[in-house]
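What follows is a short report on a single structure.
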Amino acid sequence: MIELVNLSKKYKQVDAVKNLNMFIEKGEIVGLLGPNGAGKSTAISMLSSLVEPTSGDVRFENNSILKNPSPLRKVVGMVPQEIALYTDLTAEENLEFFGRIYKLSGKALKRKMDEVLEQIGLTDRRKDIVKKFSGGMKRRLNIGVAMLHDPEMIIMDEPTVGIDPQSRNYILETVKRLNEERQMTVLYTSHYMEEVEFLCDRIYIMDKGNLIASGTKGEIKQILSSEKTISIKLDRLNDQFVEGLRENPLVNRVTVGEKEVTILVPREANMFSDVIKIAEAAELEIYSVDNKTPTLEDVFLHLTGRALRD
Amino acid sequence: MIWKIIKKQALLFLRNPQQLVLLIALPMILIMILGTALGSVMNGEGSPINLKLAFIENDDEQEQVERFLTDLAEKLPPEAVTDIEATISNMMPVDLLKKSLDNKEVDDFIQVSYFDPSEREALRKEESYTAIIEIPEQFTYKVLEAMFLGNIEPPELQVTYNEEEQVGTSVLTSFLTQFQTQLTKGNFLGENGIDLSSIQIDESIIEGELIAVNEKNPITSSAYYTVGMVVMNVLFIAGAIGYYAFHEKEIKVFNRIIIADVSRWVYFISILLSGTIFAFIQSMLIFTFSRIVFGIIWPNLFSFLVVTLAFSFAVGGLAVLLTALNYRVNSETITNFFMNISVTLLAVLGGSFYPIGDYLPLIQTIGNMTPNGASLTAYVTLLRGDGIAAIDSQLIYLVLFGIVMVIIAGLCFPKRGVSA
């Protein structure tokens, strides 16, 4: 459906996106993962024809959109990271305005507004001024506006930033439902690993403007197939324990939490006795030692040496 | 589509009462305050008004009087002619006018210089005079003929006003109106057979009041400040629309509009029309207020509407330029600078607070190059009773100003959406 070919964007001396290649097939949910500043928003701005790339091409149904973005724009709905709404207007007035922008009118517009309000659970609040809404309600309306014209594809740029868990779940469920019931194609960017894991069929991971990994969830986790993570919970932590782990030749990486240490070791390694010895030497009490299968967070950590939310 | 964006803008204004107060109520309050506080100055009471007048006389008055008396002897009995001859020295209109203008009581603010008719064109080009008063040929003869024989209309003085000195010309107009009344009164008495030889024109009435000729209306301070505040405050519409447009960019509503495959030019035109329409509505609301509260009536409604439309278009041009510049530099600094500093500066130069240009010709010239200053001049000219022909240069300027703003804005406006 959409293909990004060697796409780059340079702002003055900063390479926001470097030679990005990706594709999105009809009906799939694709995740674009990366920390803040990774280049995700620039990438989707180029993909949605808002920003002209410095080099490369964006192809929709095998045609470049750089000179003629109209065919793509007609079938795409955009949910920006910002609350792109008029907060002094009511939910209904916002939907009506954006509906008319999408050339809907009369009964068709009214029917669509009712339908969207139902989908985002704001039918009862349709006459209320948006600035009186909670963060979650604004986010839902932000999504609703992008669904007014029945797009084939929806691009969501971190749509759950700053909202409560209940609203977040509601949004994730709504996205899943849109994909399953209407076969809507979704490009979902986030730095919340669990959202991407929950929603997406395929994932692209970006960091500092580069694409550092791509594939299905399974394929990406295969990057860490030869390793496993062990989580150690203790009564407290000290430097001697951490240094002891780092000096162990089997330990590839040590990540230190508040009262927890995570180590990355070869899949076949049995670290239990080593961990006990290091803890005893450091005079610490171990509460638990867990073997874990790697998460996307672990993959990102493995690839960049940094946590996603650093 | 354009209409929807304009309608949305109207809703945003209506949902923001604080802004409505600033745009509508504040100028009304300012009109009341300034109109009252500066009314005495504006109306010429104790003001530092300085009328510099050029006086041109085409014929010798004494010679005309003598000829009139000779001709009169053929039409009236000798006794009547003798009576008239005895009092006519007090009824010589040019002499009366000169005495009034040279009177010591008005010495402080009226300076009269006398010139030969051959210097007329040079004087007109010079523009340093508030007005040029020219006594046409046979003026005194015809005035006396109208007074004593009543068979013709009294002649009119020829006065060329300097349009840039609004207060001065207003005072002079009022002055001349009184003089004209005296002449007309004499004519009326003559026509009705009342013995004019027993009546003398009361010089005390004429003194310090003077003359009128082209029947121009004097302008009250309330009228002046209505215009001044309208042309100043309407500029804020451009700033407000620029602010809203930049906010749309910041929260990515503009991107949403572009992704909906709406041409950026549709958005651009919507901003231009929003600026024009809301500037027009704001002007009309304040003018309606001044009509109800101060009774300010426009002598020529059509011309008034044309000026308001031209000025509104110029403001629309400013709105779209501010929007484009904000988008270009990705900051609302330009709008803030415009709202906080430029509007005040333009208002001072344009004469919204005081007709400063009447005393500083350079400021007047600069002021007329501002959209508000040009509009103020056009409005004041209309209020004084002139027609649309007298303000053609201001109208052309306002429309050109709007067009230039639109062209610059078009060149600055972003090609696509706005960066991530």
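I need the Debye-formula profile for segment B:232-306: one equal scatterer per C-alpha, no solvent, reported as log10 I(q)/I(0) at q = 0.11, 0.15, 0.20 1/Å, two decimals. Scattering profile of segment B:232-306, log10 relative to I(0): -0.42, -0.65, -0.89.
Determine, at each q value in 0.20, 0.27 (inverse angstroms), the log₁₀ of I(q)/I(0) that the Debye formula gives when each Cα of segment A:226-293 is one equal point scatterer. Values returned for q = 0.20, 0.27 Å⁻¹ are -0.71, -1.37.
Could you work out the mean count of beta carbons from other protein chains within 10 Å of each residue's beta carbon in B:6-14? The partial results should precede the final answer.
On the way: counts 0, 4, 9, 0, 0, 6, 4, 1, 1.
Averaged over the peptide's residues, the number is 3.
Across peptide B:256-267, the mean count of Cβ atoms from other chains lying within 10 Å of each residue's own Cβ comes to 6.
Under the criterion of Cα pairs below 8 Å and six or more residues apart, the relative contact order for segment A:226-293 equals 50 percent.
Segment A:59-80 and segment A:211-253 have Cα centres lying 41 Å from one another. Taking a sphere under 15 Å around the Cβ of residue A:285 and counting the other residues whose Cβ falls inside, with K and R at +1 and D and E at -1, yields a net charge of 0.
Beta carbons within 10 angstrom, averaged per residue: use that to sort the peptides A:251-261, B:339-349, A:95-105, highest first. Intermediate values should be presented prior to the final figure.
Working: A:251-261: 14.5, B:339-349: 16.6, A:95-105: 21.2.
The densest-packed peptide leads the list: A:95-105, B:339-349, A:251-261.
Distance between the pseudo-spin-label points of residue A:267 and residue A:61 (7 Å out from Cα toward the beta carbon): 4.4 nm. Just to be sure I understand: of the beta bridges DSSP finds with both ends in the protein assembly as shown, what percent are antiparallel, rounded to 5? Roughly 60 percent of the beta bridges in the protein assembly as shown run antiparallel, per DSSP. Between residue A:291 and residue B:284, the FRET efficiency estimated from the beta carbon spacing at R0 = 60 angstrom works out to 0.20.
Can you tell me the FRET efficiency between residue B:341 and residue B:21 if r is taken as the Cβ-Cβ distance and R0 is 25 Å, rounded to the nearest 0.05? Write down the numbers at each step before the final one.
Working: r = 21 Å, r/R0 = 0.86.
For residue B:341 and residue B:21, the calculated efficiency is 0.70.
Multiplying the residue separation of residue B:277 and residue B:412 by 0.36 nm and removing their Cα-Cα distance gives an extension gain of 46.3 nm. Taking every C-alpha pair closer than 8 Å and separated by at least 6 residues, the mean separation divided by the residue count of segment B:284-420 gives a relative contact order of 36 percent. For segment A:54-207, the Kirkwood radius over C-alpha pairs fed into Stokes-Einstein at 4 °C and 1.567 mPa s yields D = 79 µm² per second.
Think of chain B as having a plus end and a minus end, set by charges on the Cβ of Lys, Arg, Asp and Glu; of B:338, B:353, B:222, B:338 sits farthest toward the positive end of this dipole.
To the nearest whole number, what is the average tally of beta carbon atoms from other chains within 10 Å of the beta carbons of peptide A:92-102? Don't skip to the end; give the middle numbers.
Details: counts 0, 4, 2, 0, 3, 7, 6, 2, 7, 14, 6.
Mean partner shielding for this stretch: 5.
Express the relative contact order of chain B as a whole percentage, based on alpha carbon pairs under 8 Å and six or more residues apart in sequence. Write out the running numbers ahead of the final one.
On the way: 639 pairs, mean separation 77.1, N = 420.
Worked out over chain B, it gives 18 percent.
Rounded to the nearest 0.05, what FRET efficiency is calculated for residue B:126 and residue B:403 with R0 set to 30 Å and r the Cβ-Cβ distance? My answer for the efficiency is 0.35. Between residue A:201 and residue A:235, the contour length at 0.36 nm per residue exceeds the Cα-Cα span by 8.3 nm.
Loop-located trypsin sites (Lys or Arg not before Pro) in segment A:1-65 (DSSP state other than H, G, I, E, B) with a sparse environment of at most 11 neighbouring Cβ atoms within 10 Å: A:12.
Calculated from the alpha-carbon coordinates, chain B shows an Rg and a Dmax of 27.6, 102 Å respectively. The lysines within cross-link reach of residue A:277, meaning a Cα-to-Cα straight distance under 24 Å and a gap of 8 or more places when in the same chain, are A:228, A:233, A:259, A:292. Determine the alpha carbon to alpha carbon distance for each of A:26/A:221; A:12/A:217; A:131/A:176; A:9/A:132; A:74/A:132; A:40/B:249 and list only those over 30 Å. Check vs 30 Å cut-off fails for A:12/A:217; A:9/A:132; A:74/A:132.
Scan segment B:115-149 for trypsin sites (Lys or Arg not before Pro) in coil per DSSP, keeping those whose Cβ has at most 14 other Cβ atoms within 10 Å, and list them by number.
Values: sites: B:120, B:124, B:125, B:142; in loops: none.
Of the trypsin sites (Lys or Arg not before Pro), not one in the loops of segment B:115-149 has a Cβ with at most 14 other Cβ atoms within 10 Å.
By per-residue mean of other Cβ atoms within 10 Å, what is the highest-first order of B:407-413, B:381-387, A:151-157? It would help to have the intermediate numbers written out before the result.
Working: B:407-413: 15.6, B:381-387: 20.3, A:151-157: 22.6.
My ranking of the peptides, most packed first, is A:151-157, B:381-387, B:407-413.
Average projection, convex hull of the Cα set of the protein assembly as shown: 45.0 square nanometres. Just tell me the longest site-free run in chain B, where the sites are GluC sites (Glu not before Pro) in a DSSP loop having at most 10 other beta-carbon atoms within 10 Å. Answer - B:75-420.
What's log10 of I(q)/I(0) for segment A:198-265 at q = 0.11, 0.21 Å⁻¹, Debye sum over Cα points only, no solvent? Here the Debye-derived log intensity ratios amount to -0.40, -0.91.
Read-outs throughout are calculated quantities, based only on the coordinates presented, and are distinct from any laboratory measurement. These numbers come from a predicted model, not from an experiment. Reconstructed Cβ throughout: ideal geometry from the backbone, glycine too, with neighbour counts over all protein chains shown.
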